[in-house]
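A quick write-up on the structure given underneath.
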Amino acid sequence: MRKHVFPALLAALFVFACGDPKLEPVDYVNPYAGNISHLLVPTFPTVQLPNSMLRVYPERSDYTSEYLNGLPVIVTNHRERSAFKLSVTTEILRSAQNDSRESAQNDSREADRNDSPVVPVSYDNERITPYSFEVTLSDGAVKARYALSHHSAIYSLKGDSPLQITLSTSDGSVDWDGTALSGWQTVEGETKVYVYMEPENKPVLAESFVKDENSWVSLVFDKPSVSLRYGVSFISEEQAQANLRGEITDYDVDALAAEGRKIWNETLGRIAVKGSEKRKKVFYTSYYRTFERPILMSEDGRYWSAFDNSVHDDGGVPFYTDDWIWDTYRAAHPLRTLMDVPVEENILASFLRMADQMGTGWMPTFPEVSGDSRRMNSNHGIPTFADAYSKGLKVDVKAAYEAGRKALREKTLVPWCGNPAGELDRFYWEYGYMPALREGESETDPNVNGWEKRQPVAVSLGTAYDSWALSKLAEAAGEKEAAEFYKDWSLNYRKLFNPETLFFHPKDADGQFIPNFDYEFQGGPGMRDSYDENTGWVYRWDVQHNIPDLVALMGGPERFSEELDRMFATPLSHSKNVFYAKMPDHTGNIGQFSMANEPSLHIPYLYNYAGAPWKTQKRVRQMLDTWFRDDLMGIPGDEDGGGLTSFVVFSSLGFYPVTPGDPVYTIGSPVFTESSLTLSNGKVFKIVAKEASDDNKYIQSATLNGEPLSGPWITHDQILAGGTLALEMGSLPNKEWGAVCPSDLEEWNAAGWQWNDIGDRAQTAHAQFPFHGTTQSISLVRYPASKMSTSFVHAPGESSSTTDTLAMREGARIGLNGSYFNMRRLTPHTFFCIDGEVLGQTPASGLQRSNGVLAVKDEGGHQLEIFPYDSTLTERYRLDYKQCLASGPILIKEGKVPAFPDASFFTMRHPRTFMGWNGDGMVYMAVVDGRFPGNADGMTIPELATLCRILGLKDAINLDGGGSSTLWTDKTGIINYPYDNKKYDHEGARVVPNIVIVK
């Protein structure tokens, strides 16, 4: 029976025996964790320095394989391909036995058809660490020890008799020059990998063989001990030799292993944790996995690029590739953005190089050593850039925007395809969703892969998110019109939302939901006819960029939370053998939830957005404890080089980036009593979870740098500043903590508010602030209240209920219905007049005032008039009008209309605007610049109530909260005709739909 010796177990035994408690981070890493898969691809016990080119793991099909197919030389693609094999045996070649050593020294001949370069051998006593491995072969006949650097490695081989070593390639060539072995192997396409290998002692016999596309060289030694050192390269054999010379000067495998151990300890030690040994093993093993890829391709300032099949100078900016972005954008990239800024910046710069080198300018999706395989769906390199930019990394934002735009608009959105846009793309960009085929309907777009299908819901939701991220990049690049377009386009997930079932539902080309649809099982293998690898139960939460709107679509926080509960509680409706035969990626189940695939990672944190953070704390711990363990089956699904394990790293620390592209983390339940993160800027951020344990998973209270923290969010900037997040933990949930956003005005002020005078006693302020789970750029205006009298003028035969436009009295606020002031749509076009002037512009002659006019006179006699757009206006006037719309909010005070940049009021398609007053004679107007949480046309009632508390306001009104009824209040109550007679209570607010009075 062969043995695999877990390094963490050895370390623990050593500590027990020697009494030395000083385990280092790398001692907790178990490369064998997850080596037996639940169904699909397992993890592999990878030996590699962080993000380095050279990586190896045992040459076997999986952990349970009885034999090794030689010793590894280099893995060329994360988990799928390796190049070269090194076979070691104690048998002497037949030619050597015939005493023909000298004549065969440099002989090259056609191999006998029965010859094989690789002899499978039994193995035992295998021990693997991140920087080394050792194993005995052929029932103890040979012991192999190995250690590596970034591009080079050493083998130390000891046998019970003289050794024979064979280096082979399956698609290339291997040669012996009397001193060293060298060769190449085709990886894929034009990409080749090269090796240069030197034995410490000269062999007594060398034979070269060629068979079909296979080539190998066998070296026979007259000693039982042989050491080899080798270098690898993707540029040339000469560069492989240079890489070896630059990194290794001897054959000391122990010294090289010690250097690798030091590098890993420095890397993993950036995060120091205190807690149980079991938790540390899972944590550091997971952290180690996040460094498997992408890999650094630069070699002495040059790199091979499969994106144009050329060697380039890197110009001092290292080049990285081999990154499956669909898997890694969610948590692996954000983890590096937090912990290793220089590397992440270089990776993103590499993506832009790829886009340029491919000749299309398209953002890559699955960049590998051999090029972009365009696997999976969507273009999630876009949110990767948006996330980095939002967190202050150095990003060529104009180039990123252009590469992202071209990827969305010029490349097809069809999954697993790198062709130009086609038929389905034309449909998508006209109607805003990818259509599903009806049962029995034949495929019409040649871009669609016969196995991967259209994946219409997954593509539609993923592209909505990519559009949101692209709007961020467009805004940063100064492309304002594009930013607004893609921001609006990011709402297209709504087009597939079925209000009857509360699921995202495939819809055909005629705009009809596919009838009688089964969200758990319908849609072919992996449900690819509808979703992708996961069921509709998982994809119903796939709106990472606008979760508060998803909450609203679901019917509000309470229903949202109930639906999350239902997902975890609803069992599979099919037997496991039937379900998993069709859905092999959907393992790691708790009810209908799957922990095994990346689209699920953010779901346990969604309770935070529904006012129930304690449920997030419970669910996160449940996932960690159930599906991530320090054993052979300790990973629930395809790990994908940091895709799943980065979730473990974040969640173990106690926070998670739910929305890459938004510099905010949401808080979960830390498993360690103390964690210290040494950040790229040199600052240290600590998470202290007092009394945290298996039972004590619930947050009782929280402070940030000694100040109370009442909401379950923390910003990237707050972490970068260093300090301490302190949590009191308990065994029972505190259902009050984190249920609302921060209400402490001092904390709001700490976000950086500075009031600036703009004249006439009016002031403005701007700040970045975490608000209901997202960071918002919020602008405030405050100014003295002016008492106003109101009068309404309607067109003949038109009642006030159709006009629904009003002014506030005894509060000096003007509240306006959504169909006016362009608060919901750009039509009907509406103008604003004060004393005959439209936003400071003189109206064109012949201006018609029809379909209802509202006139409001203030105490100074100035008249405000609102009337719809008339098509007889000149084009010049339309341009003036649009320009005025872009100029910002309109502050109406004594008939004047001062412009206020960088915000929007009465002008934007989705206004995100709030007005209120605090009884001190000052009117407050808050404008959220960017996607506001909640209803896209305004704030939700809880958000409005929270913001009022933050500002200390007594009363408030939500402008255009999603309905068409009139909105206005005064300090005594509702004074207009309400939309209906329903009243609700929420957080102390007295509510009629679209009317909120916060006391």
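Proximity of backbone amide H atoms, modeled 1.01 Å from N, is registered between Arg55 and Val75 at under 5 Å, excluding neighbours fewer than 5 places apart on the same chain. Here the ratio of the Cα radius of gyration of region 175-283 to 2.2 N^0.38 Å is 1.47. Cα centroid separation, region 473-530 to region 631-684: 29 Å. What the phi angles of region 631-644 give under the Karplus curve with 6.51, -1.76 and 1.60, with θ = phi - 60°, is a coupling list of 8, 5, 10, x, 10, x, x, 5, 7, 6, x, x, x, 8 Hz, glycine and proline written as x.
A simple rule links phi to the HN-Hα coupling: the Karplus curve 6.51 cos²θ - 1.76 cosθ + 1.60 with θ = phi - 60°, which for region 217-229 gives 10, 10, 10, 10, 10, 9, 10, x, 10, 9, 10, 10, 10 Hz, with x for Gly and Pro.
Of the GluC sites (Glu not before Pro) found in region 617-696, those that fall in a DSSP loop while having at most 16 other beta-carbon atoms within 10 Å are Glu691. Backbone geometry of region 382-399 corresponds, through the Karplus equation with coefficients 6.51, -1.76 and 1.60 at θ = phi - 60°, to 3J(HN,Hα) couplings of 5, x, 5, 5, 4, 5, 4, 5, 5, 9, x, 6, 6, 9, 6, 5, 5, 5 Hz, x marking Gly and Pro. When both region 236-278 and region 312-369 are represented by their alpha-carbon centers, they are found 23 Å apart.
Taking amide H as placed 1.01 Å from N in the peptide plane, Trp713 has its amide H under 5 Å from the amide H of Ile667, each at least 5 places away in sequence or on another chain. Against the criterion of solvent-accessible heavy-atom surface with a 1.4 angstrom probe, Lys192, Lys223, Lys22 sort, most first, into Lys22, Lys223, Lys192. For Tyr609, Tyr32, Tyr580, the ranking by accessible surface with the largest value first comes to Tyr580, Tyr609, Tyr32, using a 1.4 Å probe. Distances between placed amide hydrogens fall under 5 Å for Ser227 paired with Leu157, Glu200, Asn201, all partners being 5 or more residues away or on another chain.
The values are calculated or read from the model by the stated rules, or taken from the named source; none is laboratory data. The structure displayed is predicted, hence computed values, not measured ones. Ideal geometry is used to build each Cβ from the backbone, glycine not excepted, and the neighbour counts take in all protein chains shown. Each accessible area value is taken on the protein alone, full model and side chains, heavy atoms only, with ligands, DNA and RNA left out. Shrake-Rupley method; radii C 1.70, N 1.55, O 1.52, S 1.80 Å.
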